[in-house]
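Notes for the one structure printed next.
The values are calculated or read from the model by the stated rules, or taken from the named source; none is laboratory data. None of these values were measured; they are calculated from a predicted model. For neighbour counting, all protein chains shown are included, and Cβ atoms are generated from backbone atoms with ideal geometry for every residue, glycine included. Surface accessibility is based on the protein's heavy atoms, side chains included, excluding ligands, DNA and RNA. Shrake-Rupley method; radii C 1.70, N 1.55, O 1.52, S 1.80 Å.
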Number of protein chains: 2
Amino acid sequence: MTSSALVQDQFLKVLSREEAIARFRGALELRPLGAESVRLEGLVGRVLAETVAAPVDAPPFDRSVVDGFAVLASDVAGASEESPAWLALTPETIACGTQPRLPVIAGHATPIATGGPIPRGADAVVMIEHTRFENGRLAVMRASAPGQNISFAGSDIARGETLLRRGTLLGSREVGMLAAVGAAEAKVWRKPRVAVISTGDELVAPGEALRPAAIYDSNGPIVAAALEENGCEPVRFGAIPDVATALAAAIREAHATCDAVILSGGTSKGAGDLTYTMVESLGWPGIIAHGVALKPGKPLCLAVCEGKPVVILPGFPTSAMFTFHDIVAPVLRILAGLPERAEIGVPARVPTRIPSDLGRTEFVMVALAEGPEGRVAHPVGKGSGAVTAFAQADGFLTIDALSDALPAGTQTEVTLFAPHIAAPSLTIMGSHCVGLDAVIDRLSDRGLTARSLALGSLGGLSALKRGECDIAPIHLLDPQSGTYNTPFLGEGLRLVPGWRRMQGLVHRADDPRFAGVGSVDDLVARALADPDCLMVNRNQGAGTRVLIDLLLKGAKPPGYWNQPRSHNAVAAAVAQERADWGMTIAPVAAAAGLAFLPHAEEHYDFAVSATPRGEALAAFEAAVTEAAADLKRIGFTPAGKG
Amino acid sequence: MTSSALVQDQFLKVLSREEAIARFRGALELRPLGAESVRLEGLVGRVLAETVAAPVDAPPFDRSVVDGFAVLASDVAGASEESPAWLALTPETIACGTQPRLPVIAGHATPIATGGPIPRGADAVVMIEHTRFENGRLAVMRASAPGQNISFAGSDIARGETLLRRGTLLGSREVGMLAAVGAAEAKVWRKPRVAVISTGDELVAPGEALRPAAIYDSNGPIVAAALEENGCEPVRFGAIPDVATALAAAIREAHATCDAVILSGGTSKGAGDLTYTMVESLGWPGIIAHGVALKPGKPLCLAVCEGKPVVILPGFPTSAMFTFHDIVAPVLRILAGLPERAEIGVPARVPTRIPSDLGRTEFVMVALAEGPEGRVAHPVGKGSGAVTAFAQADGFLTIDALSDALPAGTQTEVTLFAPHIAAPSLTIMGSHCVGLDAVIDRLSDRGLTARSLALGSLGGLSALKRGECDIAPIHLLDPQSGTYNTPFLGEGLRLVPGWRRMQGLVHRADDPRFAGVGSVDDLVARALADPDCLMVNRNQGAGTRVLIDLLLKGAKPPGYWNQPRSHNAVAAAVAQERADWGMTIAPVAAAAGLAFLPHAEEHYDFAVSATPRGEALAAFEAAVTEAAADLKRIGFTPAGKG
């Protein structure tokens, strides 16, 4: 990529979502690819390609639906406990699979098992429970209507009747129906074979070691899995570097041998255009949309080459997933003969304003919580590169291209990822700490689930006051009083003591600038003296930021504006030499292999409602205590009973 | 089976549903069977057996989320269209996978692609859209905040943080999360291997020819498919005859090699007790429930042998399915580590009284329809042997053991079979005719769907008048006027002409009693003269029954009380020599290979609301016309415009 390429590319035309979809679909033949015969064993999840009529009657003969005696209804008319009808037994017993030889004649009864064929002459079956046996004769103690306890031939389904219609999604019940009429196989739509190719020099396959500047290929596995979920057969080509010959060969083979090709990576406008050139060369009409007004997902590229869809998904996994599900999957489902994916929407209110780009259809992942005024949808996005946001989200909401924001309090609809909202035993919103995992593990041992959303200390306190969560983890230092957390509680809340985290300064152990550094103040002094020495700060509002600003006493050394949002990002920046020093907590420093100068112990506690204390909350408090050993191992100091 | 065995067996103890479940669960260790490592490619639908913590930071370094230029935020403070900040380019371009070599120093900018690592010194990325290039220098036309367009290391997930918890059901999103932190495989609960054995001399495998008195094995395929749907691996043993040695060997092998055994058939109290004896011999504690107060499903037998569940499901497919889903599947899901199946219930009203056995928990399959007063649940059961009832049912309702009926109008809850109610374009309730399939096929060509429920002519008319269906197919002869259907319409309904079906008498062509028979009256006269000659009648209320009674002029010959509910059952009874003559329609007689004496043409028409005529109904009328050729081929005479 050159900077002139960067400049040229920015003029590519961005289509609206609707226009892009219309062009993509317009260039394809939207129908199932073809049918194949599949045996009963392989039919679950497949779609019938032809309507099936019953080739035989089911049941094939009149049969008994109970254990008892085949009789003539007229023989037992008026029978009762007090005045039974007395019958002789026909000298034959009808089990399942027994073809009756003798007719039932007046005054007689033939023993018959459930499922046994009704013998000639009989027109009812008396249940064994309504008979008794005395002196070689059968006493029938209840009257029977003609046809009683008989399932007549063809009453389930008659020969020639439609059993299942083309387009039916087959499950166990449908497999049973096919088996009942003797079908050993069925014609179903064949699964589209879809090539999955990740492109990019930066990609490393999961399981291998990461090189510097490299990341793991998550798009390949996620797209392949999403294809399976949508009735397609993924053909995995793996991650291929941006080398023209290798990439061209893979793309050509994929297009020649598969029904569709999905590439990912290399679609942002600044990336090399090797992939586009190759896609264009696959045939008519080629690329029909490059750049779609979606967020995330703008770099999406849609092509149709010789009747086959060829798609270049954006490189970031969440962008790739949203564009795949919104635009690509519906088309692949038609090729697979599957019905539209049934989306389940639930109403919810947004607690805070969600800004949105005017002119782009925006998808925002949200976690649902129950508030006193109904369901609330909290955005959980950590940026379009954050694949773990999926773990916390119940679904997503869509902001129209014509809207520049959803104001706080807007009632909207959330499309669920799964048919059910996972309702956790406890909802935790506030500052996140790795120690929280140890507590949630203990809760899990007690059969309780917790959903934890990182909203920051103040965000968590607000949600707790609004009644949208049960627990708000906070670590807020009041500079006036020098005390943690309690000054921020306000009325109606109390504090469950959590643990102490040692904050300190980190540097690379081999950095000559800090050789023999003796204290936090010593380190800051050395750093400020060297204009080439870069710090890494923390975001405004973080507890750690307060400590840093106190240490710097108003100085803003180089790197001050580098303000990541987590302890780990600080450690990574120093370890990777993007910065030389910063403040983080002891366990994170140790994990990153950095030298650590302790500075101050921070209090990480839990704000909860003062009344009443439910069972789940009591279990949470117990879990905090039980997690003490785990917390110590991580490097935290349990606070004990406050 | 002997009749004395029949008598003894009736004293087996029937347990309540709750007691049977408690005993079954109490005898088992209810926990997942064990874990296994599975590669990413095989993880969809599996359940995590251990909590996964991120082994690396994701992203592993600070990276750009846009295409643009890495800068110092302080260099572009206050930049605007009118007054851009002018920067020199660092002589390096950062693509994905490029490890930066040069720091960004004041007054400089480094071109960077989406996903590229942020070079040392930079604390923001300016989007390419907000820059222009002039005379070798970069004009930045918008200010950037520190951190803008940077995804910091570990901001998605930090090393050591919990990524996914034990017990998580894995889908594409979770597979993506695992890949993003470099996991190539995950520990998941292994799938229980469950043996599926159908027992019974009467069973024939689908695909083979039916013997007399035999039926197809549908329980084997349906149970195997239901096991797949519940996270188990079915091990298919096929259908095994009730031969002690073969059956014993199969059951022993199944118990030795699998985690659970599901037998079906042979459980009714009257059947041979070969299977029970063998199950008892498998080990401690053996059978713990035999007979459960369920309808359908009373003959269910539950055993636990040496820690493994061994279940004998009832022989009828619907009974087998209800007991499997209600009692067996929840236990197998625990062994598979799966969460409880998420059942979706919807409220609905029952239109007519549904009787129920006191003391038995009863499951009633229902089809849902929208009525003017809300959702209505129509029972669709055709008896517990009727597997095709599943095709018409949206779900089932449960009647408590303490209740002897649901009165008409009861508001109840329907548990859906699938998460969505299939809302057809048209709901058809009334008399069923095989010709209707031809019409629905034509509708389907127009993209419309129809749900057809067989409620009989009068049942359909009532439902239509209550507004619960769109179309009521009827064939009702008014004996006074001798005209069909119109006298029954009442106010507000009109008739769409359907077709004529020739009714007539059938007999076996080689039956000497009817050699050379010349007319319907001749046949009836010969039949009445022979006391060994058996008729087969039709049910009270059927149009055909009216014709038969008119022919018989008050006579009730042998077989009169044999009153099946369908044209096919009549033909099957005669063909299989369970009766010698009866009345059915011409195409059914032909399909059964019977001699046919035509008697009278019956009018099968459609009652619909007189106003207004919607698009779907217009399409239906057109489809009736279009189906004319198909109807003629079947043997019906289209009525044409009435």
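A few points about this structure:
- Sites B:A246 and B:A106, calculated FRET efficiency, Cβ-Cβ separation with R0 56 Å, nearest 0.05: 0.05
- Dipole of the protein assembly as shown, positive end: most advanced residue of A:S37, B:S218, B:S356 [Cβ charges, Cα centre]: B:S356
- Taking Lys and Arg as +1 and Asp and Glu as -1, the other residues whose beta-carbon sits under 11 Å from that of A:A54 total -3.
- Each semi-axis of the equivalent ellipsoid for chain A is √(5λ) with λ an eigenvalue of the Cα gyration tensor; in descending order they amount to 65, 38, 21 Å.
- Translational diffusion of region A:427-642, estimated by Stokes-Einstein from the Kirkwood radius over alpha carbon pairs at 25 °C in a medium of 0.890 mPa s, is 136 µm² per second.
- The alpha carbon convex hull volume per residue for region B:182-331 rounds to 124 Å³.
- A:T611-B:D404 pseudo-label distance in nm [points 7 Å out on the Cα-to-Cβ vector]: 5.1 nm
- For region B:348-416: rounded, prolate or oblate by the Cα gyration tensor [a/c cutoff 1.5]: oblate
- In this assembly of identical copies, the label point of B:L169 (Cα plus 7 Å along Cα-to-Cβ) is separated from its counterparts by 1.3 nm, sorted shortest first.
- Label geometry 7 Å along the beta-carbon vector: A:G409 inter-copy distances in nm: 4.4
- Under the Karplus curve 6.51 cos²θ - 1.76 cosθ + 1.60, θ = phi - 60°, whole-Hz ³J(HN,Hα) for region A:623-640, x wherever Gly or Pro sits: 5, 4, 5, 5, 7, 3, 4, 4, 4, 4, 4, 5, x, 9, 10, x, 7, x
- Percent RCO, i.e. relative contact order, over region B:308-440, from Cα pairs under 8 Å lying at least 6 residues apart: 28 percent
- Taking 0.36 nm per residue of separation and subtracting the Cα-Cα distance, full extension of the segment from B:T415 to B:R137 would add 93.3 nm.
- FRET E, pair B:L274, B:E41, Förster distance 56 Å, beta-carbon r, rounded to 0.05: 0.80
- Net lengthening on full extension, B:D532/B:E253 (0.36 nm per residue, minus Cα-Cα): 95.3 nm
- Each copy carries A:R353; placing its label point 7 Å along the C-beta direction from Cα gives inter-copy distances of 6.4 nm, listed from smallest up.
- Note on B:I344 and A:R513: with the Förster distance fixed at 51 Å, the Cβ-Cβ geometry gives a FRET efficiency of about 0.20.
- Electrostatic bookkeeping for B:M141 treats Lys and Arg as +1 and Asp and Glu as -1; over the other residues with beta carbon under 15 Å from its beta carbon, the sum is -2.
- For A:V414, the residues 5 or more places off, or on other chains, whose built amide H falls under 5 Å of its own are A:V346, A:A348.
- The rotation axis that maps chain B onto chain A passes nearest to the beta carbon of this chain B residue, listed with its distance in whole angstrom: B:P419, 2.
- Within the protein assembly as shown, percent of DSSP bridges classed antiparallel, to nearest 5: 70 percent
- In terms of accessible area, using a 1.4 Å probe and ignoring ligands and nucleic acids, B:W189, B:W581 rank largest first as B:W189, B:W581.
- When the P(r) is computed for the protein assembly as shown, the part past 47 Å accounts for 46% of the Cα-Cα pairs.
- The stretch between A:R211 and A:W284 holds 22.4 nm of extra length on full extension. This uses 0.36 nm per residue minus the Cα-Cα distance.
- Reciprocal mean inverse distance between Cα atoms of region B:105-241 - Kirkwood radius, Å: 21.7 Å
- Region A:345-416 - percent relative contact order, Cα under 8 Å, separation 6 or more: 49 percent
- For region A:35-45, Karplus couplings with θ = phi - 60° (6.51, -1.76, 1.60), whole Hz, Gly/Pro x: 10, 9, 8, 10, 6, 3, 4, x, 8, 4, x
- Residues whose amide H lies under 5 Å from that of A:A289, counting only those 5 or more places away or on a different chain, are A:L302; hydrogens are built 1.01 Å from N in the peptide plane.
- Largest to smallest accessible area among B:F488, A:F316, A:F606 [probe 1.4 Å]: B:F488, A:F316, A:F606
- Dipole of chain A [Lys/Arg +1, Asp/Glu -1 at C-beta], most positive-end residue of A:V380, A:G614, A:A106: A:V380
- Counting only heavy atoms of the protein chains and using a 1.4 Å probe, B:K308 has close to 50 Å² of accessible surface.
- Seen from B:Q503, the other residues with C-beta closer than 12 Å to its C-beta sum to a net charge of +2, counting Lys and Arg as +1 and Asp and Glu as -1.
- Of the listed residues B:L550, B:L426, the order by accessible area with a 1.4 Å probe, largest first, is B:L550, B:L426.
- Pair A:T625, A:T637: separation of 7 Å Cα→Cβ label points (nm): 2.1 nm
- Phi to ³J(HN,Hα) by Karplus 6.51 cos²θ - 1.76 cosθ + 1.60 over region B:597-602, Hz, x for Gly, Pro: 10, x, 10, 7, 8, 9
- Dipole magnitude for region A:63-151: about 260 debye, using +1 per Lys or Arg Cβ and -1 per Asp or Glu Cβ, origin at the Cα centre.
- Once all protein chains are placed together, A:K632 keeps about 130 Å² accessible to a 1.4 angstrom probe.
- 5 angstrom amide H check on B:L448, placed H, neighbours 5+ away: none
- Cα gyration tensor shape for region B:132-213, rounded if a/c is under 1.5, else prolate or oblate: prolate
- Lys/Arg +1, Asp/Glu -1 at C-beta; chain A dipole; positive extreme among A:A195, A:V243, A:G307: A:V243
- Per residue, the average separation of C-alpha pairs within less than 8 Å and at least 6 apart gives region B:63-151 a relative contact order of 43 percent.
- Å² per residue, accessible surface of chain B at 1.4 Å: 38 Å²
- Distance violations [Cα-Cα > 29 Å] among B:K465/B:K553; A:K187/B:K465; A:K13/A:K191; B:K13/B:K308; A:K308/B:K191; B:K465/B:K556: B:K465/B:K553; A:K187/B:K465; A:K13/A:K191; A:K308/B:K191; B:K465/B:K556
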